[in-house]
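A.B. asks: Have a look at the structure that comes next, please.
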């Protein structure tokens with residue numbers, strides 16, 4: 001019966017095909033996940049792992065492709081393909097090292113790792129220089145056939161390239177693959193610890209299994225190289241492993257890569273869990289919005305109307321009292337004033353509830369939603385004009401803008417005593433401009449100091465702080481008896497821009 005070595009040698013084409021497919025599938029699976037948005041620290045380094053898998057898969061397929069093509073290509077073209085394949089090997093391992101550095105920087109947040117992001121590129125350049133220096137110093141060397149499919153004139157091309165291939169292979173594994181796989185293992189273990197409290201057990205197990213597999217790959221892929229004319233590659237290499245175990249090192253690497261693929265696929269379920277949490281949070285917000293709207297309706301249609309009816313009854317009672325009897329009439333007037341105060345407090349509560357329930361990221365909808373409360377609860381005339389295109393803010397910007405507009409309209413309600421409010425909103429490609437002006441009592445800006453004791457001063461301080469958080473320019477102009485004007489100009493995210501076929505101003509009276 002044939003031995004294991006003979007069986008693997010006979011099926012070398014299958015072994016090499018599977019080896020390349022394992023890493024290509026790893027890269028493809030991770031690349032598809034990388035296309036999805038995620039806030040998890042593990043997501044940011046994934047494109048580097050995807051690039052490593054795809055490039056390394058193509059590199060391994062070169063052991064099949066180049067010998068077949070050498071039958072039809074000139075010797076010089078085959079030599080060029082060998083050099084390109086070697087460069088792909090160095091590039092793939094540099095990508096693995098970049099993944100390890102980026103993953104550790106994202107998960108552990110060690111300050112030094114942030115300064116090491118250029119290390120893989122520097123190591124790749126150092127590998128290229130060291131390879132040429134060592135190959136020149138060693139001199140002529142007849143490399144072993146290694147993992148090559150024996151077809152065409154590959155032996156002749158290998159002999160022509162000489163020492164560069166085995167030296168480049170050994171140095172690439174020691175300088176790039178070994179530290180890259182080790183850092184990846186460390187980063188995956190740190191990721192497993194970081195998500196252990198919130199992730200499902202299969203995800204944590206997948207991260208740990210991937211870490212162990214990368215640790216093994218650091219040895220079988222980062223230490224054991226092709227035979228080279230210097231230690232330790234002259235002693236510990238793919239040929240010595242084959243002689244000792246009867247199994248090609250490519251089989252061990254393929255098995256390790258397969259474990260990495262399965263483990264990473266299990267770990268990628270973490271992003272599905274994140275999506276589930278986002279959907280659950282969206283449903284929770286929707287229920288919260290509906291509940292706030294219901295409470296607001298109940299307060300407006302029930303309690304406020306009851307208070308209003310009670311006030312009418314008290315006014316009727318006051319009218320029936322003898323004008324000379326000042327005591328009961330004064331007490332009724334006091335109760336009426338208290339009812340009016342309570343009604344105002346409830347209206348402001350409804351205003352706050354409905355403003356807080358706005359979950360839109362569209363600045364126009366934010367402004368209109370808050371302005372609707374002003375229209376619904378007062379007799380103030382409201383004129384809203386919107387021009388330019390439409391845009392979408394991020395969640396932080398939307399919330400700060402919502403609170404700033406809320407504060408501005410609250411000042412109109414509580415202090416301005418205005419009869420008319422004009423709102424102008426304009427969105428350009430990079431900036432959002434908002435102006436809110438009223439014809440109210442106005443005030444002296446010189447007397448309104450940030451952090452003052454009165455409500456207006458505190459409101460202005462709040463708006464200025466929110467403008468700072470938005471990176472916006474806020475201008476407030478006012479004078480006693482001349483109304484107040486607020487102008488806000490803020491940058492908007494370019495990715496949030498949406499085309500709008502209508503460039504005409506949209507007006508709402």
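A.B. asks: Being assigned by TED's automatic domain parsing to the domain that holds residue 96 and touching a strand residue (DSSP E or B) at 6+ places or on another chain (Cβ under 6 Å) narrows it down to one residue among 233, 211, 196; which is it?
C.D. replies: On inspection, the qualifying residue turns out to be 233.
A.B. asks: Related question: Any idea which of 94, 77, 43, 122 is surrounded by fewer than 24 Cβ atoms within 10 Å (Cβ to Cβ) and in contact (Cβ under 8 Å) with a residue 12 or more places away in the chain?
C.D. replies: 43
A.B. asks: Need the failing condition index for residue 248 against (1) under 43 Å from the mean Cα position of the chain (by Cα); (2) within 24 Å of residue 94 (Cα to Cα); (3) touching a residue at least 12 places away in the same chain (Cβ under 8 Å), just the number.
C.D. replies: So the condition that residue 248 fails would be (2).
A.B. asks: Hey, could you check region 174-197 for residues that are farther than 19 Å from residue 49 by Cα and touching a residue at least 60 places away in the same chain (Cβ under 8 Å) and say which is surrounded by the most Cβ atoms within 10 Å (Cβ to Cβ)?
C.D. replies: Out of the qualifying residues, it is 195.
A.B. asks: What's the number of the condition residue 83 fails, among (1) over 30 Å from residue 42 (Cα atoms); (2) at pLDDT below 85?
C.D. replies: Only one criterion is unmet by residue 83, namely (2).
A.B. asks: Is region 300-311 home to any residue that is at pLDDT 75 or above and under 25 Å from the mean Cα position of the chain (by Cα)?
C.D. replies: no
The values are calculated or read from the model by the stated rules, or taken from the named source; none is laboratory data. Bear in mind the structure is a predicted one, so any value in this text is a computation, not a measurement. Glycine gets a Cβ as well: all are built from the backbone with ideal geometry, and neighbour counts include every protein chain shown.
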